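Okay, so here's the structure we're looking at.
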Amino acid sequence: QKEVEQNSGPLSVPEGAIASLNCTYSDRGSQSFFWYRQYSGKSPELIMFIYSNGDKEDGRFTAQLNKASQYVSLLIRDSQPSDSATYLCAVGGLSNTGKLIFGQGTTLQVKP
Amino acid sequence: GAGVSQSPRYKVAKRGQDVALRCDPISGHVSLFWYQQALGQGPEFLTYFQNEAQLDKSGLPSDRFFAERPEGSVSTLKIQRTQQEDSAVYLCASSRGDREAPLHFGNGTRLTVT
């Protein structure tokens, strides 16, 4: 079992719809959770981070964390074609290093 | 500069050659990470520095891989006797160093071993 698991997709949604991206993790001691977006041929860029159970909203993005279920998700409202990219879930552990473990990423396609 | 800078952007090496990949982190960032990203996969952790100290090298795939950060700023990832399976994008990231600090990635070096 991988430490951080994501469905590779592709996830295809029409423009304007809500895209839901999911991630599960195996280490119950994980403390910090990040979503990165990676366009083809580019480096990952941070979209959101969440540390506490519940929802965190930032513009069109909402991150949801459920530590009991070891589950984190990212919702993208009013999806745009420019949101088409690979979304990487990353999890940080108990150590103070900031080291992150990444999932394999989910490819999102937003169709006009 | 404002971001993490990596060089070269692309590197083609013949099998058996040694390569050196450079990373210049964001000024003041104490933590520096190297990741390896194969096509279609997420980044895989290689090694971590806090200032000049290499605190975790558990992800280095073999003893052909070596990383250093002698003055706590610029870092070099060296791969000796490259193999085809070393072909990947090598990403460098830096952060403030606390547990909740996000990683800021460079543009990566795409290594192709022929």
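The values are calculated or read from the model by the stated rules, or taken from the named source; none is laboratory data. As the structure is a computational prediction, the values presented were derived from the model and not from experiment. Because the Cβ atoms are built from the backbone with ideal geometry, glycine has one as well, and the counts that use them run over all protein chains shown. What goes into the accessible areas is simple: the full protein's heavy atoms, side chains included, and nothing from ligands, DNA or RNA. Shrake-Rupley method; radii C 1.70, N 1.55, O 1.52, S 1.80 Å.
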- Query: According to the Cα gyration tensor, what semi-axes, each the square root of 5 times an eigenvalue, does the equivalent ellipsoid of the protein assembly as shown have, listed from largest to smallest in whole Å?
  - Reply: 30, 20, 16
- For B:K11, the lysines lying under 29 Å Cα to Cα, once residues fewer than eight places off in the same chain are dropped, come out as A:K42, A:K99, B:K57, B:K78
- Note on the structure: Probe 1.4 Å, protein heavy atoms only: A and B together bury a total accessible area in Å², to the nearest 100, of 1800
- Task: For segment B:1-62, just the Cα set please: Rg and Dmax, both in angstrom.
- Result: 13.1, 37
- Considering only DSSP states other than H, G, I, E and B, which GluC sites (Glu not before Pro) in segment B:13-90 qualify as loop sites with at most 12 other Cβ atoms within 10 Å? B:E71
- Once Rh is set to the Kirkwood radius over Cα pairs, what Stokes-Einstein translational diffusion coefficient, in µm²/s, holds for chain A at a temperature of 4 °C and a viscosity of 1.567 mPa s? 92
- Item | Convex hull volume per residue in cubic angstrom - Cα atoms of segment B:52-114 | 104
- Let me know the volume per residue of the alpha-carbon convex hull for chain B, in Å³. 95
- Note on the structure: Heavy-atom accessible area of segment A:33-90 with neighbours in place, 1.4 angstrom probe: carbon+sulfur share in percent works out to 47
- Rank these by accessible area, largest first, 1.4 Å probe: B:F105, A:F49, A:F34. A:F49, B:F105, A:F34
- Item | Loop-located trypsin sites (Lys or Arg not before Pro) in segment B:7-79 whose Cβ has at most 12 other Cβ within 10 Å (DSSP) | B:R9, B:K14, B:R15
- Task: Send over the per residue convex hull volume for segment A:44-101, Cα only, as a whole number of Å³.
- Result: 100
